[in-house]
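Everything on this sheet refers to the single structure shown next.
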Amino acid sequence: MQKRADQMPPMSNTASGQVLALGIGSAGARIVSALSRETTLVDRFAYISCDEADLEATEGETLMIECPIDQKLTPPMVRGLSIAYREDIKELLDGAKIVFIVAGLGRATGSGLAPVVAELAKENGTDAVSVAVMPFGFEEKLRFYSGLALRRLRSVSRGVVVVDNDTLLKSTSHASQKEVYDMANAQAVKALGSLLARQSEDSIPVGLNKVLGTVFQEGYSFLTCASSGSADKTEEALSKAVIGISKRVETKDANHAVVILTGDSTLRAGETGTAVKRLSSMFGSEAIDIEYGVSYRGGSQLQVSVLASGFKATRYDEYDPLSALSTIDDSMDYSVPSGLETIASAE
Ligand SMILES: Nc1nc2c(ncn2[C@@H]2O[C@H](COP(=O)(O)OP(=O)(O)OP(=O)(O)O)[C@@H](O)[C@H]2O)c(=O)[nH]1
Ligand SMILES: [Mg+2]
């Protein structure tokens, strides 16, 4: 009998080629491509999209999901189109023990495809950690599909890490869309890269097992980052990161957290240890199990990444009003582009 995800222990070690990062859709491809230059712990990078432009700028294995007619896609259409590519997707996953599936949710490709890939990973015996980038506050139209896709991802992945676009940026007022994405990606990649780092001369990372131990909890994990002017302001940076989390979930529900502090060599262990101890009171949860790592590779600014888990309810539950109804079978939610129904049935 298959054990429930949260009952299984994290894997003990990984050989080369076993940790895969898979970028899906435009946001997923951009973030994984940038992450490939930052992380030292991921062995392999791959990309899937319905848009050739997403794949052009990447290095690694790619899979293009073609649509036979030119049409604006929706998440159910992408799911429909993906049926013909199930074996190709499984081939990309082959040999991976763990896959980080990164996608922006709310539009067609990420929302439609990420849950399909997570499901295929499960069938393949690969542990899927889905990294869901949630829409900016101004993208109100994307809320429904992002909420629906997030819920689906949770039901088929071993762990889900939420990265909220709004918590990645301080201000977007004078920036172009591309600049906004670039700034958000720089933050997301710093946070993910610091979590997914190998031991080196200038860092004491927490290691993959502790990250997975946090992510494989029931409910959702949340990843935020923040910075403060100097290394002796650890507490200030940590509290900013926790405030970011508090906008989307009840922080007191947290049961595990991983914290990475990145600064220069002035980042002294004793001081940071004391600040990290204060983290449980910032969360309002005495029972929280906290692990932390340090990297001296940064600058004089202190950067913190906080991954916290155990959140069973999130503000995104309101994005999808259907989530309150338990009788909907959304595995039926596949469609083919209009005009193609006859072709599909003739096959
Ligand atoms: N952080 C970040 N978010 C992005 C980026 N690109 C898009 N997003 C956000 O991710 C969500 C989904 O957008 P896309 O990734 O463009 O959508 P897609 O999955 O490619 O879907 P289609 O293009 O409709 O097929 C939206 O909320 C976007 O604002 C990016 O480079 N970085
Ligand atoms: Mg796109």
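Out of 104, 80, which single residue is crowded, with 18+ Cβ neighbours inside 10 Å, under 21 Å from residue 150 (Cβ atoms) and more than 22 Å from the chain's Cα centre (by Cα)?
80
Working only within the stretch 117-143, note down all residues that are away from ligand 2 (no atom under 16 Å from the Cβ), free of Cβ contacts under 8 Å to residues at least 40 places away in the same chain and aliphatic (A, V, I, L, M).
Selection gives 118, 120, 121, 128.
Output yes when any residue across the stretch 255-264 is free of Cβ contacts under 8 Å to residues at least 40 places away in the same chain and either part of a strand (DSSP E or B) or within 24 Å of residue 199 (Cα to Cα) (or both), and no when none is.
Yes, the stretch 255-264 has at least one match.
Within the stretch 107-116, take every residue that is near ligand 2 (Cβ under 10 Å from one of its atoms) and crowded, with 24+ Cβ neighbours inside 10 Å and give me the one that is farthest from residue 130 (Cα to Cα).
109
Which residues, taken from the stretch 261-291, are of a type outside the set (A, V, I, L, M) and at pLDDT 90 or above?
Scanning the stretch 261-291 gives 262, 280, 281, 283, 284, 289, 291.
Looking only at the stretch 25-43, how many residues end up being assigned to a loop (DSSP other than H, G, I, E, B) and among the hydroxyl-bearing types (Ser, Thr, Tyr)?
3
Could you please find all residues in the stretch 22-41 being under 15 Å from the mean Cα position of the chain (by Cα), surrounded by fewer than 21 Cβ atoms within 10 Å (Cβ to Cβ) and touching a residue at least 60 places away in the same chain (Cβ under 8 Å)?
Correct list: 26, 34.
Would you be able to say whether some residue in the stretch 240-258 is more than 20 Å from residue 165 (Cβ to Cβ), at pLDDT below 95 and among the hydrophobic types (A, V, I, L, M, F, W, C)?
No: zero hits.
Step by step: first the residues of the stretch 144-172, then only those that are within 16 Å of ligand 2 (Cβ to nearest atom) and hydroxyl-bearing (Ser, Thr, Tyr), then the one that is farthest from residue 246 (Cα to Cα). Which residue is that?
Ranking the candidates gives 145 first.
Looking only at the stretch 23-73, which residues are more than 13 Å from ligand 1 (Cβ to nearest atom) and within 19 Å of residue 186 (Cα to Cα)?
Of everything in the stretch 23-73, those that are more than 13 Å from ligand 1 (Cβ to nearest atom) and within 19 Å of residue 186 (Cα to Cα) turn out to be 36, 37, 38, 39, 40, 41, 42, 45, 59.
Restricting attention to the stretch 154-180, which residues are buried (at least 16 other Cβ atoms within 10 Å of the Cβ) and either away from ligand 1 (no atom under 13 Å from the Cβ) or closer than 14 Å to residue 35 by Cα (or both)?
Correct list: 154, 156, 157, 158, 159, 160, 161.
Just give me the residues in the stretch 283-328 being assigned to a helix (DSSP H, G or I) and surrounded by fewer than 21 Cβ atoms within 10 Å (Cβ to Cβ), in sequence order.
Residues satisfying the conditions are 315, 317, 318, 321, 322, 323, 324.
Of all residues in the stretch 44-61 being outside any strand (DSSP E or B) and crowded, with 16+ Cβ neighbours inside 10 Å, which is farthest from ligand 2 (Cβ to nearest atom)?
My answer is 60.
The values are calculated or read from the model by the stated rules, or taken from the named source; none is laboratory data. Keep in mind it's a predicted model, so treat the numbers as computed, not measured. Cβ atoms come from the backbone with ideal geometry, glycine included; neighbour counts cover every protein chain shown.
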